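Report on the following structure.
The values are calculated or read from the model by the stated rules, or taken from the named source; none is laboratory data. Fair warning: this is a prediction, and the values are worked out from it, not measured in the lab. Backbone-built Cβ (ideal geometry, glycine too); neighbour counts: all protein chains shown. The area values use the complete protein model at the heavy-atom level, side chains included, leaving out ligands, DNA and RNA. Shrake-Rupley method; radii C 1.70, N 1.55, O 1.52, S 1.80 Å.
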Amino acid sequence: MSFDRHLSRRSFLSFSALTAASALTGCASSANTVTSGDTTIIYRSPMRLFQSPGASSVPSGAELAVMYGPVEDGGFLIPAVPYEQIDPRYYRQRVLDPTGQPPGTIVVDTPSRFLYLVQGDGMAMRYGVGIGREGFAWQGSGVIQWRQKWPRWKPPNEMVARQPELVKYSIDNGGMEPGLKNPLGARALYIFSNGEDTLYRLHGNPDWRSIGKAVSSGCVRLMNQDIIDLYDRVPTKAPIVVWQ
């Protein structure tokens, strides 16, 4: 089991999780297929990705307690995740790579609620994710153009028009300041395609209950502990493919 460098700071005493997770949505999206250059994306059925009983390296209870324990990061104290209440298939773990993509590629398998980071040894890191509600999903290929620790959340104007209560966090008003209640969480990876911002993000989120569900407005959300791990493994310009 591989651990990120933040683990050395996870030995302090546990504190309670946030009692009210943010109800705000993370970002906007487009329902159209997006391609990058001459790349052809083949969309497959939800049954395409399988795991045989011996294919994964399921973390032990002791490992999970460290992986999803409290984290001190960027001046914020991220609460421990009650991982016992999450379906074990959504735990961060190394699995046989089922994607067929080159090493270093991020693959979001929307129907299965998994994000894969393809590694060079026939394996992949797999993370459980929450995805966009029907009608808000984006699909296609692109690159991670920008990476940000503790980002500000700036809902696009289209979202503000749908939800006027968000005007105080609009682009013109500078967005929501970073913090534990910010919908983008501890990290955000920004997806561009053909040189343009897709408005689609991979990001952290304080609401661990959303993992495995379709709740956000188009973006892919991970537990804060998982987005920190992914951020440390993924460089800028990494390729990404999103399957529907």
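Seen through its C-alpha gyration tensor, with square-root eigenvalues sorted a ≥ b ≥ c, region 59-240 comes out oblate because a/c lies at 1.5 or above while a/b is not bigger than b/c.
Extending 7 Å from Cα along the Cβ direction at Asp197 and again at Thr236 yields two label points whose distance is 1.5 nm.
Remark: region 124-129, residue by residue, has Karplus-estimated 3J(HN,Hα) of 8, 7, 10, 10, x, 9 Hz, where x stands for each Gly or Pro and the curve is 6.51 cos²θ - 1.76 cosθ + 1.60 at θ = phi - 60°.
Note on Gln148 and Lys168: their simple-model spin labels are 2.0 nm apart, each label 7 Å out from Cα toward Cβ. For region 133-234, what does the alpha-carbon gyration tensor say about shape, rounded, prolate or oblate, given a ≥ b ≥ c as the root eigenvalues, a/c under 1.5 as rounded, and a/b over b/c as prolate? Cα axes put region 133-234 in the rounded bin.
Annotation: amide H of Asp207 within the under-5 Å range of Ser22, sequence separation 5 or more or interchain, hydrogens built in the peptide plane. Counted residue by residue at 0.36 nm each, then reduced by the alpha carbon distance between them, the extension gain from Ser60 to Ala161 reaches 31.8 nm. Heavy-atom surface analysis with a 1.4 Å probe gives region 99-176 a carbon and sulfur content of 50 percent of its accessible area.
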